[in-house]
Amino acid sequence: MTKYGAKKTEIDGYIFDSKAEASRYSYLLLLEKAGEISNLNLQPVFPLIINGKKIGKYIADFQYNDQDGNRVVEDVKGMATPVFRLKKKIVEAIYEIQIVEVR
């Protein structure tokens, strides 16, 4: 168990940090098979580089393309911590994307 009570769950050989994240993965797989989304990636990494210095990284839960070809980045959250909120703002500013929080 983690400090927030999430239980690691395995699906298709991938270990997810929570049942909610594993459930979202299963749902996204169905959407991909149905042609609703494409290019599903797990845990894409976004380096946090400011003024040429790497200050850290942000790892999202999922990234995929919607039917219009737009990139969608998702993070499954039971509770958004202050660190997550800060990293989210930095990634959105650097990469000009919007991170979708899935509850």
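Overview of results
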read-out: Correct choice for volume of the Cα convex hull per residue in Å³ that was computed from the model, options (1) 99; (2) 110; (3) 84; value: (2)
read-out: DSSP-assigned coil residues among chymotrypsin sites (Phe, Trp or Tyr not before Pro) in the chain, each with at most 13 further Cβ atoms within 10 Å; value: Tyr4
read-out: Estimated [θ] at 222 nm from DSSP helical runs (n ≥ 4, -39500 (n - 2.57)) normalised by residues in the chain, nearest 500; value: -9000 deg cm²/dmol
read-out: Nonlocal amide H pairs with Tyr58, under 5 Å, H built at 1.01 Å; value: Phe46, Leu48
read-out: Segment 91-102 - phi-based ³J(HN,Hα) in whole Hz, Karplus 6.51/-1.76/1.60, Gly and Pro as x; value: 4, 4, 6, 5, 9, 6, 10, 10, 8, 8, 8, 9
read-out: Highest-fluctuation residue, Ile50, Ile15, Ile59 considered, GNM on the chain with Cα pairs under 10 Å; value: Ile50
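Every read-out reported here was derived from the displayed coordinates using simple, explicitly stated rules and does not represent laboratory data. The structure presented is a predicted model; accordingly, all values stated were derived computationally and were not measured. Methodologically, a virtual Cβ is constructed for each residue, glycine included, from the backbone with ideal geometry; neighbour enumeration extends over all protein chains shown.
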